[in-house]
Protein chains: 2
Amino acid sequence: MKLAVVQTNPIFGDIQKNIDNAIKLMSNTPADFYVLPELFNTGYNFSSRNELENLAEPIEGQTFFVLQAFARQRQCYIAYGFAESDGIVFFNSAALVGPEGLIGLYRKVHLFYREKLFFKKGNLGFPVFNTVFGKVGIMICFDWYFPEAMRTLTIKGAQLVAHPSNLVLPYCPDAMITRCLENKVFAATADRVGSEENADIKLSFIGKSEIVSPKGEILCRLDETSEGVGLAEIDLSVALNKKLNEYNELFEDRDQRSYF
Amino acid sequence: MKLAVVQTNPIFGDIQKNIDNAIKLMSNTPADFYVLPELFNTGYNFSSRNELENLAEPIEGQTFFVLQAFARQRQCYIAYGFAESDGIVFFNSAALVGPEGLIGLYRKVHLFYREKLFFKKGNLGFPVFNTVFGKVGIMICFDWYFPEAMRTLTIKGAQLVAHPSNLVLPYCPDAMITRCLENKVFAATADRVGSEENADIKLSFIGKSEIVSPKGEILCRLDETSEGVGLAEIDLSVALNKKLNEYNELFEDRDQRSYF
């Protein structure tokens, strides 16, 4: 399969332009599976709950319908981050849409920094979804910091972890090598570039979207400032094999009795 | 406190020379806490259980008594890896000795490769020990691959993870940055250099002993071929603070309900 990480520079609050831009980038780069950044449609740096209320969408909202149409036309999958409105509460969510429509939803469990002011902590755990290529899990940005997130996804069978992100700390791109090694899984981190400033804070995002293999190889990594698409041709069945050598199998070697 | 990682090139089977060499390196470099490599006294590459039987010691054996004497004289701590004989079974173990004598024992849980032919899997879990500087946990070499090991130690309160190693894979030195970040803990990886060949296999060790801070900074890193001692002046109380910023506290942000 051809896997793509789409690195964008969203304009805060301009959902229409941000969707159009993502569609343009995807249209120009054919792939079987795209990962878009966290909150790619709204931008990241909310300054009030009211602002979020005006921009958040239900799962099946404008953003979903446009991406679903693209997924149907191109017979591809898209994992994308968006601000989810669920009645009166909001989640920092990511959905997986494919040719058959909505496949799955994840709500960010580990909220970072001021996200805690506006979003509710995810209440769906770390679900794994079936695709024709294999099982896919989703985590969002800061979830990488907690090894339990990717461990949970891979123990549940995820062969690919789609990782929509808006990275402000510098550590994630290299840390994902460790995450993929320790779980023998593929990961696709789609980050954004640019910066957003409001009355409270200015945040700059580090780019470096990447695809990493179960052997910890960086299959592609984008730069720190440009929009663009990173591609890798991968075979998800590789991630079913957890053997390191003839004596060590990663998940058999786990020893739950010895852990806290 | 002054923390030291001691990088040696053990001669397989020559316990006396290997102890002497470690004592010489430590004598020349005053410190409060030393970490020696995995199996530093015997060497690593056993070819038979019989060979191991001849070299393994009980916890309070020759190696322990010499290191205990050094720890008393210099009023320091030493965490060191050794082949432990416990009656008829053998463990790839590490002990912590201090001015007051034996403080603790750890038996390697995640055995690597052919170690499984000779050693029994550790049966003590991941214990944490008190010192005058703070709480110390021990893991051995390949344990780094499993995030549960260091997570268990730090949840139990370890401020420093002593990490005797004989690294053959290239990933650990950089992965320890992730391990320290995700747990906000100090780690001291004492690796060996050189190679060992027997009728079955030749193994080469990568050196790069290092001390890493809770912020993921490499405080010292040795080279890939030389014996030597790496030093860092550290304050273990730093590792008590798990706050990343005013909104995020690492261990409060863990969400056990969302994990497998």
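When chain B is treated as a GNM, springs tying every alpha-carbon pair under 10 Å, which of B:Asn41, B:Asn248, B:Asn123 comes out with the largest mean-square fluctuation?
Of B:Asn41, B:Asn248, B:Asn123, the most mobile in the Gaussian network model is B:Asn248.
If you take the Cα atoms of the protein assembly as shown, find Rg, then find the Kirkwood Rh from the mean of 1/r over all pairs, what is Rg/Rh?
Values: Rg = 24.8 Å, Rh = 24.1 Å.
Value, to two decimals: 1.03.
Given H placed on each backbone N at 1.01 Å, which residues far from A:Asp86 in sequence or on other chains put an amide H within less than 5 Å of it?
The answer is A:Phe91.
Give, ordered by residue number, each residue of the stretch A:98-134 whose 1.4 Å probe accessible area is reduced by a minimum of 50 Å² on adding the remaining protein chains to the chain alone.
Output list: A:Tyr113, A:Lys116, A:Lys121.
Taking H placed 1.01 Å from N in the peptide plane, check which residues at least 5 places from A:Phe129 or on another chain put their amide H under 5 Å from its amide H.
Close amide H contacts, sequence-distant or interchain: A:Val136, A:Gly137.
Output the antiparallel fraction of DSSP beta bridges having both residues in the stretch A:1-103, as a percent to the nearest 5. List each step's numbers first, then the result.
On the way: 11 of 18 bridges.
Close to 60 percent.
Which residue fluctuates most in the GNM of chain A (Cα springs below 10 Å): A:Pro58, A:Pro173, A:Pro37?
Of the options given, A:Pro58 has the highest mean-square fluctuation.
Work out which residues of the stretch A:157-176 lose at minimum 10 square angstrom of accessible surface when the other protein chains are put back, relative to the chain isolated, with a 1.4 angstrom probe, and list them by number.
Listed in order, they are A:Tyr171, A:Ala175.
Could you report chain B's accessible area per residue, 1.4 Å probe, as an integer in Å²? Before the final figure, lay out the partial values.
Details: 9220 Å² over 260 residues.
Using a 1.4 Å probe on heavy atoms only, each residue of chain B averages 35 Å².
Restricting to DSSP H runs of at least four residues, report the calculated mean residue ellipticity at 222 nm for the protein assembly as shown, -39500 (n - 2.57) per run over all residues, nearest 500 deg cm²/dmol.
Numbers: 14 runs with 124 residues, N = 520.
About -6500 deg cm²/dmol.
At a probe of 1.4 Å, how much accessible area disappears from chains A and B on forming the pair, both sides counted, to the nearest 100 Å²?
On the way: alone 11160 and 11150 Å², together 18440 Å².
Approximately 3900 Å² gets buried when A meets B.
Where the accessible area of the protein assembly as shown is counted over protein heavy atoms with a 1.4 Å probe, how much of it, in %, is carbon and sulfur?
Values: 9060 of 18440 Å².
Heavy-atom surface of the protein assembly as shown belonging to carbon and sulfur, 1.4 Å probe: 49 percent.
So if I average 1/r over every pair of distinct C-alpha atoms in the stretch A:2-240 and take the inverse, what Kirkwood radius in Å does that give? If you can, show how the numbers build up before the last one.
On the way: mean 1/r = 0.0582 Å⁻¹.
Answer for the stretch A:2-240: a Kirkwood hydrodynamic radius of 17.2 Å.
Shortest first and in nm to one decimal, what separations exist between A:Ile201 and its copies in the other chains, measuring from label points 7 Å along the Cα-to-beta-carbon line?
Output for A:Ile201: 4.7 nm, nearest copy listed first.
Kindly flag which residue pairs out of A:Lys202/B:Lys215; A:Lys116/A:Lys208; B:Lys2/B:Lys24; B:Lys116/B:Lys202; B:Lys156/B:Lys242 have an alpha-carbon separation exceeding 20 Å in this structure. Write down the numbers at each step before the final one.
Details: A:Lys202/B:Lys215 22 Å; A:Lys116/A:Lys208 25 Å; B:Lys2/B:Lys24 18 Å; B:Lys116/B:Lys202 17 Å; B:Lys156/B:Lys242 13 Å.
As for pairs spanning more than 20 Å Cα to Cα, those are A:Lys202/B:Lys215; A:Lys116/A:Lys208.
Which distances, shortest first and in nm, link B:Asn123 to the matching position in the other copies, using label points set 7 Å out along Cα to C-beta?
In ascending order, 4.6 nm.
Expressed as an acute angle from 0 to 90° and rounded to the nearest 10, what is the orientation of the C-alpha long axis of helix A:172-183 relative to the principal long axis of chain A?
Roughly 40 degrees, rounded to the nearest 10.
List the distances, in nm to one decimal, from the label point of A:Glu100 to the label points of the same position in every other copy, shortest first, placing each label point 7 Å from Cα along the Cα-to-Cβ direction.
In nanometres, ordered from closest: 6.2.
With all protein chains present and a 1.4 Å probe, how do A:Ile59, B:Ile88, B:Ile211 order by accessible area, largest first? Intermediate values should be presented prior to the final figure.
On the way: A:Ile59 45, B:Ile88 140, B:Ile211 0 Å².
Listed by decreasing accessible area, they come as B:Ile88, A:Ile59, B:Ile211.
The values are calculated or read from the model by the stated rules, or taken from the named source; none is laboratory data. The structure presented is a predicted model; accordingly, all values stated were derived computationally and were not measured. Cβ atoms come from the backbone with ideal geometry, glycine included; neighbour counts cover every protein chain shown. The protein model used for the area step is the full one, side chains on, heavy atoms only, and it has no ligands, DNA or RNA in it. Shrake-Rupley method; radii C 1.70, N 1.55, O 1.52, S 1.80 Å.
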